[in-house]
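Colleague: The structure's right below; bear with me while I get my questions together.
The values are calculated or read from the model by the stated rules, or taken from the named source; none is laboratory data. No experiment lies behind these values; they were computed from the predicted model shown. FYI the Cβ positions are ideal-geometry reconstructions off the backbone, even for glycines, and counts take in every protein chain you see.
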């Protein structure tokens with residue numbers, strides 16, 4: 001017996017959660033066997049491995065892919081499930097076992113944040129068709145694109161993520177707090193030119209959030225109005241002083257920070273961002289490249305197991 005979507009391919013980052021997922025893999029295996037869910041486990045060994053494993057599984061005829069890890073693992077698996085602006089296999093299903101130092105993606109869907117509970121959640125046939133964002137950005141001498149199911153940032157937030165990634169992993173979630181204080185004092189606001197579905201804007205700004213879902217940064221509900229199946233991306237442009245980045249944090253966790261006098265809210269299916277100096281871009285907690293960048297929505301790109 002197996003899932004109605006076929007055998008599960010568990011694509012697991014054993015280093016997720018500072019090794020907690022590796023310790024939980026045996027229990028996850030037992031949970032799936034007890035549920036009579038046929039499966040195999042692929043343990044990733046290097047960046048990009050999850051993307052290749054997802055692509056290989058789909059090309060081999062498998063259709064139920066499970067990202068086991070944090071938001072970075074989900075990001076890689078989704079990038080393996082999509083190419084050329086659409087799904088590699090329209091009937092593929094994405095499951096998520098949240099087990100990383102941060103897996104904010106699942107919070108928008110009520111999927112358990114505990115690895116073993118999430119494994120039990122993989123049974124059944126309930127799915128939700130969701131949109132995915134795509135960002136095209138400057139990288140080296142050219143451009144490249146990546147897909148993001150959750151949230152992307154341009155500016156100080158992306159620089160924070162990049163700085164935090166360089167800090168020791170043993171700091172765990174504290175890396176982001178340390179990255180925040182190391183990044184904010186030296187960050188300079190920029191003149192940001194933004195085009196949203198053909199409408200042009202310009203501000204002095206320190207951050208631009210482009211959201212498909214609601215949560216990032218370890219439980220901050222930065223974009224409470226986002227719905228991942230409404231065909232648009234929610235854009236938040238931070239145009240106030242850098243001090244806003246920490247004074248509004250308590251409200252951001254609750255999702256009560258909007259409306260705010262220093263946050264411009266937009267909604268669009270295509271967004272172009274340029275700045276007077278290149279700004280760093282991150283998506284799903286992964287540092288990518290720099291501006292100029294174009295964000296667009298890919299409608300109903302993924303079937304998510306919920």
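Colleague: Within the range 233-240, is there a residue that is within 28 Å of residue 165 (Cα to Cα), crowded, with 17+ Cβ neighbours inside 10 Å, at pLDDT below 95 and outside the structural domain of residue 64 (by TED's automatic domain parsing)?
Modeller: Yes, because at least one residue in the range 233-240 is within 28 Å of residue 165 (Cα to Cα), crowded, with 17+ Cβ neighbours inside 10 Å, at pLDDT below 95 and outside the structural domain of residue 64 (by TED's automatic domain parsing).
Colleague: Can you give me the number of residues within the range 148-163 that are under 26 Å from residue 299 (Cα atoms) and surrounded by fewer than 24 Cβ atoms within 10 Å (Cβ to Cβ)?
Modeller: Of the residues in the range 148-163, 0 are under 26 Å from residue 299 (Cα atoms) and surrounded by fewer than 24 Cβ atoms within 10 Å (Cβ to Cβ).
Colleague: Within the range 181-207, which residues are buried (at least 20 other Cβ atoms within 10 Å of the Cβ) and either modelled with pLDDT under 75 or not assigned by TED's automatic domain parsing to the domain that holds residue 266 (or both)?
Modeller: Result: no residue meets the conditions.
Colleague: Determine which member of the set 57, 50 is under 18 Å from the mean Cα position of the chain (by Cα), surrounded by 15 or more Cβ atoms within 10 Å (Cβ to Cβ) and assigned to a helix (DSSP H, G or I).
Modeller: Details: 57 fails: under 18 Å from the mean Cα position of the chain (by Cα).
The match here is 50.
Colleague: Just checking, which of 74, 66, 97 is farther than 12 Å from residue 149 by Cα, touching a residue at least 12 places away in the same chain (Cβ under 8 Å) and in contact with a helix residue (DSSP H, G or I) (Cβ under 7 Å, 6 or more places away or on another chain)?
Modeller: Values: 74 fails: farther than 12 Å from residue 149 by Cα; 66 fails: in contact with a helix residue (DSSP H, G or I) (Cβ under 7 Å, 6 or more places away or on another chain).
None of the other options fit; the residue is 97.
Colleague: Report whether or not residue 66 is buried (at least 22 other Cβ atoms within 10 Å of the Cβ) and not in a helix (DSSP H, G or I). Quick ask: steps written out before the conclusion?
Modeller: Values: buried (at least 22 other Cβ atoms within 10 Å of the Cβ): yes; not in a helix (DSSP H, G or I): yes.
It is true that residue 66 is buried (at least 22 other Cβ atoms within 10 Å of the Cβ) and not in a helix (DSSP H, G or I).
Colleague: Further, regarding this structure: Could you identify the single residue in 302, 298, 263, 248 that is touching a strand residue (DSSP E or B) at 6+ places or on another chain (Cβ under 8 Å) and free of Cβ contacts under 8 Å to residues at least 24 places away in the same chain? Please lay out each step first, then the result.
Modeller: Details: 302 fails: free of Cβ contacts under 8 Å to residues at least 24 places away in the same chain; 298 fails: free of Cβ contacts under 8 Å to residues at least 24 places away in the same chain; 263 fails: free of Cβ contacts under 8 Å to residues at least 24 places away in the same chain.
Answer to the check: 248.
Colleague: Within the range 135-145, does at least one residue satisfy the condition of being touching a helix residue (DSSP H, G or I) at 6+ places or on another chain (Cβ under 8 Å) and surrounded by fewer than 22 Cβ atoms within 10 Å (Cβ to Cβ)? Even if it seems obvious, please write down each step before you answer.
Modeller: First pass over the range 135-145, keeping only residues touching a helix residue (DSSP H, G or I) at 6+ places or on another chain (Cβ under 8 Å): none.
Scanning the range 135-145, I find no residue that is touching a helix residue (DSSP H, G or I) at 6+ places or on another chain (Cβ under 8 Å) and surrounded by fewer than 22 Cβ atoms within 10 Å (Cβ to Cβ), so the answer is no.
Colleague: Taking residue 110 and the conditions (1) in contact (Cβ under 8 Å) with a residue 24 or more places away in the chain; (2) surrounded by fewer than 22 Cβ atoms within 10 Å (Cβ to Cβ); (3) on the phi < 0 side of the Ramachandran plot, which numbered condition does it fall short on, given that it satisfies the others?
Modeller: Answer for residue 110: the failing condition is (3).
Colleague: Mind checking which residues of the range 81-94 are free of Cβ contacts under 8 Å to residues at least 60 places away in the same chain and farther than 16 Å from residue 131 by Cβ? Lay out the reasoning, then the answer.
Modeller: First pass over the range 81-94, keeping only residues free of Cβ contacts under 8 Å to residues at least 60 places away in the same chain: 83-84, 88-90.
Across the range 81-94, the qualifying residues are 83, 84, 88, 89.
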